[in-house]
Structures are given as structure tokens and as C-alpha cells.
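Engineer: Shown below is the structure under consideration.
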Amino acid sequence: MADAWDVVVVGSGNAGFAAALTARSHGVSVLVIDAAPPEWIGGNSAFTAGAFRTTYEGLDDLRPVLDLDDETAATIDLAPYPRERFRDDIQSMAGGRSDPVLVDTLVDGAADAVRWLQGHGVGWELLADRQSFVVDGRRRFWGNLTAGIVGGGIGLIEAEARAAERAGIPVRFETRLVALDLDDGRVRGIIVAGPDGARTTIEARAVVLASGGFEADASRRAAHLGPGWDLAKVRGTPYDTGDPMFMAIAAGAATAGRWSGCHAIAWDAAAPDHGDRVLTNRFSRQSYPFGLVVDRDGRRFVDEGADFRNYTYARYGREILYRPGALAYHLFDATTAPFIGTVDYSTAIDGVSRFDAPTVDALALAAGIDRDGLAETIRAFNDGVTDVPFDPTVKDGRGTVGVEPPKSNWAQRFETPPFTAFAVTCGITFTFGGLRIDPAARVLDVAGRRIPGLHAAGEIVGGLFYDNYPGGSGLTSGVVFGRIAGTTAATGGSTAVVS
């Protein structure tokens, strides 16, 4: 008997499950395959904190999906985040290069994606601990990243996997895509290799590629991102090597996006080379806007307060790779230490690169920072801090004068012991270059024509992100384009999604 399905989805992450569940809702047969073993289900999605960028007119817009009582809601200040702002955030961080049609598709589908996930058993919460501060008795959110998934990335994947099981969607693990099965330019199925290496053909009317970028392949990172990128730590799964994407390119698929760009963040220097399924995002270091960032020579090299971290962390992580030893240090004193994130800088993790000392000189010695360089940097920084009221919930303008690079907001003199340093390196999340798709998530060839039977969603898609990335947009993109890909794969062209 032939191994035949209506739709085959490659990848068991958020985008893959969104595509599979939506295709199944149209009444077709669906199979999900993944090169990873079952304990690595979810791909990079499992390693996220579960932050989900969506649009809303205020707190009342989000309350239908939140477990939030009236008394708590009355203490929260949450400004609207309309579609226009989301759209501008993506384009401004991409220098206006993002595909405007794909951006509109992402932004317009964000709010419905939240409700769709809830309908499949995903729980939601306010990201109060990571995206807000209490000021004058009011909880004020900042950075326009408000909604999060209960249980983070693991919670998301567990809920989606349960929904897939209820829908009768099987997942075959340790099943590696070897080639696309083409017939006169149309995808008719895939050729896969199982755990024993034996190759078989799976017939399909449509194939959805949702297998991520090439961030886990050191040689491909060096070839496309540039020298030194083979040394970056991988935040997530070791199975996102880019093989399905390059197979599609070899079959004639067009590319899009910035192939020399990626999402990367400050990552604990002692973290393993690949992601840890238990700790997931706990090695991230993102409280730097309230402290100082220096390299091994004790020199600052970024404007820590240029914007809220949601708009700078994916770019600043890359900058660390180019510093001596691909190392940097996040510094805090007793004044700024209260702003250290309890999630991002947990001391409960073995091997965390934290150093504490009673003096700046002793801190430099303990952390391995050049003592003279650090002393000079801190002296110049302290002399340049302006006397403007401090407010962590807005870009307060409390910056520096005569300091290069400047610190534009949240600058406070670094002088009150004890002092703390966290050693960080570059942790790559995903690559920005990918396949070119149309708004119906159909893969296009180099002439701009769709490749019949081939669709894509998630991090494998190029054209959305370039120089930088608004935090939380990746999960949103996975659901929005996953649902569209599932619909077009199941129906042959209609872009109407089914709940």
C-alpha cells in the first residue's frame, strides 16, 4: 500500500503544528514528520519564553483570553498597540526592507492567532514579571509585548501536540527529509530516511516546509553570516540545519530576506553549545538597558538605553560576537541590581557566569575584565550621567553627555556596592534569510511563479526580518503563516482559514 497523504508537514514546531491543525480542519489527511527524536519535539518553538506579539486596543481587548480578575485589572496601565504600530515596528527595524504584503498579513492576523491558539488549548497570561514595573502603585507595561503563553515554549508545544493527537494527526520522528519528489515541476511528495537510514517515498498532494532556518549548522552560518559565526552558541534545537530549505532552493525556489542577518541575543557564556530542553530560555540575559555592557577590555560598545530591550536585544546579541573573545559583560551595582530579571538571570542554574565583588577593581579581577579599561569607562560614564528623573516604564531621557557611545535612557551612576557582572556571549536564535513566499504561503520560484504543491511557514520564510526583530514576532509569524499554509495546502488555493 502506498504511503499517501493529502498534506505532509515538515517540522513539529509552532508553525508546523499550526499548518497541520488548520489543514486537518478542512477534512484532509495530514502527516507531520521531523528529523529530531521525539524528546526534541517542537524545534526552536520549545525554547522560547512564550512571548507573543499581538495587537490590542487596551487591556479589555486581551481579557477574554486571560485569567484576570477585576481587582487586578484595575491596577494595570496598558496602552493600545494598534496594527499601525506593529507594522511600523517591523519596518523601522528592517530599514523599510520587509516585504510589505507579508508584513500586513502578519500584523492583520496576529490578534486572531491568539484566539485560535486558545481554542486549541493554549493558556495565556500577562507577562507581568518580564515586561512591566510597578510605579506609584500601578503596574505599567512597556515595550508592547504583553501577552505570553502559560508554560512558555514547552507549554505551547505540549498544547499543540495534544491538539494534533485529538485531531488524528500522526507525527513521525527521526524521519529526515532527503529530497522533494517532483513531477514536471510539481511537488508530488517527499523522499525520507527513517531511523535505520532506509529511504521511502511519501506521496502528498501538498507539502508544507516548517523546518526552521540554518542556525544549527556551523558551516552554513560561517558561509552566509560571515567569519566567526561558526563559534556562536545555538539557543535552540541542534536539528535546525537548513536541509529542507536548501533542498527547496535546489528545486528552484527563490530566496528572500537578509541572508547575512539573524536573530541573536546575549547568552550566558557558560551555556552549552546547543539549547537545553529543561532550561530553555533561562540562559538569556536581557536586563542590560538598566546596567552597563562592556567587553573584555572594559570598553562599552552599545547604547544600552537606546530603546526598550524588545527592540534592541536581537541586534545587540550579534555585536558581542565581534568583541574580543566573543565575550561581553553585563554590569550592575546596588542601584541597578533590582532591575535584574529573575527569569533571565536566575542563580539557580549551575554554571551561570556571575561574579560579585565589593569594589569595581575586584569585580574586574574576578570576571577577567581589564581593570584599567573598566575603571576609565566607569569614570567617564559616571561623569556624563544627566540629572533627569528615572522611570523604567518609559524612555525617560536620563542619558549621558560627552560619552561614546552614549546611553540614551535609564542611565544611573555606577558607584554603589556590591557590584555584579554576568559574562555573556552570542547566542543565535534563527536566521533571517529564507524562502520567498506569497501571501498564501506558497513557495515561489526565481521567476516569481508558485511551485505547485509547495508551501512554507515559520523561520524558513524570508523577507520579514532584516537588521533587527521586534521581540515576540517569531511565534506570531509561525501561527499566522502556518494557518495560511495549512489552508492553501488543504484547499489548493483558498486563503480562508478555519478555526
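The values are calculated or read from the model by the stated rules, or taken from the named source; none is laboratory data. Quantities reported herein were computed from a predicted structural model and do not represent experimental measurements. Every residue, glycine as well, gets a Cβ built from its backbone with ideal geometry; the counts of neighbours run over all protein chains shown.
Engineer: Here is a list of conditions, (1) farther than 30 Å from MET247 by Cα; (2) in contact with a helix residue (DSSP H, G or I) (Cβ under 8 Å, 6 or more places away or on another chain), and THR377 meets all of them except one; can you say which number that is?
Structural biologist: Of (1) farther than 30 Å from MET247 by Cα; (2) in contact with a helix residue (DSSP H, G or I) (Cβ under 8 Å, 6 or more places away or on another chain), only one is false for THR377: (2).
Engineer: Report whether or not ALA269 is farther than 23 Å from PRO392 by Cβ and either touching a strand residue (DSSP E or B) at 6+ places or on another chain (Cβ under 9 Å) or acidic (Asp, Glu) (or both).
Structural biologist: Considered against the rule, which asks whether it is farther than 23 Å from PRO392 by Cβ and either touching a strand residue (DSSP E or B) at 6+ places or on another chain (Cβ under 9 Å) or acidic (Asp, Glu) (or both), ALA269 comes out as yes.
Engineer: Would you say PHE173 is touching a Pro at 6+ places or on another chain (Cβ under 6 Å), outside the structural domain of ASP396 (by TED's automatic domain parsing) and aromatic (Phe, Trp, Tyr)?
Structural biologist: Criteria met by PHE173.
Engineer: What strands (runs of 3 or more DSSP E) lie completely within segment 105-170 and have 3 or more residues being of a type outside the set (Lys, Arg)?
Structural biologist: Numbers: elements: 124-126, 132-135, 138-141, 147-149.
In segment 105-170, the matching strands (runs of 3 or more DSSP E) lie at 124-126, 132-135, 147-149.
Engineer: Any chance you could count how many residues in segment 138-154 are surrounded by fewer than 19 Cβ atoms within 10 Å (Cβ to Cβ) and out of contact with any Ser or Thr (no Cβ under 7 Å at 6 or more places or on another chain)?
Structural biologist: The number of residues fulfilling the criteria is 2.
Engineer: Only residues in segment 173-196 that are on the phi > 0 side of the Ramachandran plot and in contact (Cβ under 8 Å) with a residue 24 or more places away in the chain count as the first member; pair them with residues that are surrounded by 16 or more Cβ atoms within 10 Å (Cβ to Cβ) and among the β-branched types (Val, Ile, Thr), Cβ under 9 angstrom, at least 6 apart or cross-chain, and list the lot.
Structural biologist: Final answer for the pair search is GLY185/ILE451; GLY189/VAL8; GLY189/THR201; GLY189/ILE202; GLY189/VAL207.
Engineer: Suppose the filter is under 17 Å from SER473 (Cβ atoms) and not polar (S, T, N, Q); does ALA128 pass it?
Structural biologist: no
Engineer: Among the listed residues LEU231, LEU225, LEU292, identify the single one that is assigned by TED's automatic domain parsing to the domain that holds ASP307 and more than 30 Å from LEU182 (Cα to Cα).
Structural biologist: The unique qualifying residue is LEU292.
Engineer: When the residues of segment 200-244 are narrowed to those that are in a loop (DSSP other than H, G, I, E, B) and among the aliphatic types (A, V, I, L, M), which ends up farthest from HIS263 (Cα to Cα)?
Structural biologist: ALA210
Engineer: Taking SER132 as the residue in question, decide whether it is of a type in the set (S, T, N, Q) and touching a residue at least 40 places away in the same chain (Cβ under 8 Å).
Structural biologist: Judged against the criteria, SER132 is a match.
Engineer: Next question. Restricted to segment 171-196, and to residues that are among the β-branched types (Val, Ile, Thr) and part of a strand (DSSP E or B), which residue is surrounded by the fewest Cβ atoms within 10 Å (Cβ to Cβ)?
Structural biologist: ILE191
Engineer: Here's a follow-up. So which helices (runs of 4 or more DSSP H) stay within segment 25-93 end to end and still have 3 or more residues that are out of contact with any helix residue (DSSP H, G or I) (no Cβ under 6 Å at 6 or more places or on another chain) and touching a residue at least 60 places away in the same chain (Cβ under 8 Å)? Show your work before the answer.
Structural biologist: Working: elements: 59-62, 70-73, 83-93.
Passing ranges: none, list empty.
Engineer: Looking only at segment 198-243, count how many residues are touching a residue at least 12 places away in the same chain (Cβ under 8 Å) and either buried (at least 24 other Cβ atoms within 10 Å of the Cβ) or of a type in the set (A, V, I, L, M, F, W, C) (or both).
Structural biologist: 23
Engineer: Condition first: closer than 30 Å to THR335 by Cβ, surrounded by fewer than 24 Cβ atoms within 10 Å (Cβ to Cβ) and in contact (Cβ under 8 Å) with a residue 24 or more places away in the chain. Can you find one or more residues in segment 449-469 that meet it?
Structural biologist: Among the residues of segment 449-469, at least one is closer than 30 Å to THR335 by Cβ, surrounded by fewer than 24 Cβ atoms within 10 Å (Cβ to Cβ) and in contact (Cβ under 8 Å) with a residue 24 or more places away in the chain, which makes the answer yes.
Engineer: Looking only at segment 204-224, which residues are within 21 Å of ASP3 (Cα to Cα) and touching a Phe, Trp or Tyr at 6+ places or on another chain (Cβ under 7 Å)?
Structural biologist: Across segment 204-224, the qualifying residue is only ALA204.
Engineer: Give the residue, chosen from THR420, THR491, that is touching a residue at least 40 places away in the same chain (Cβ under 8 Å), closer than 30 Å to THR359 by Cα, surrounded by fewer than 24 Cβ atoms within 10 Å (Cβ to Cβ) and out of contact with any Pro (no Cβ under 6 Å at 6 or more places or on another chain).
Structural biologist: Within the list THR420, THR491, the selection yields THR420.
Engineer: Check segment 103-118 and report whether any residue there is touching a residue at least 12 places away in the same chain (Cβ under 8 Å) and at positive phi.
Structural biologist: no
Engineer: Can you report the number of residues in segment 245-284 which are more than 21 Å from ALA36 (Cβ to Cβ) and assigned to a loop (DSSP other than H, G, I, E, B)?
Structural biologist: Of the residues in that region, 10 qualify.
Engineer: Tell me, please, whether a residue that is hydroxyl-bearing (Ser, Thr, Tyr) and surrounded by 14 or more Cβ atoms within 10 Å (Cβ to Cβ) can be found in segment 426-434.
Structural biologist: Looking for residues that are hydroxyl-bearing (Ser, Thr, Tyr) and surrounded by 14 or more Cβ atoms within 10 Å (Cβ to Cβ), one finds at least one in segment 426-434, hence yes.
Engineer: Still on this structure, please answer the following. Of the residues in segment 1-24, how many are of a type in the set (S, T, N, Q) and part of a loop (DSSP other than H, G, I, E, B)?
Structural biologist: 1
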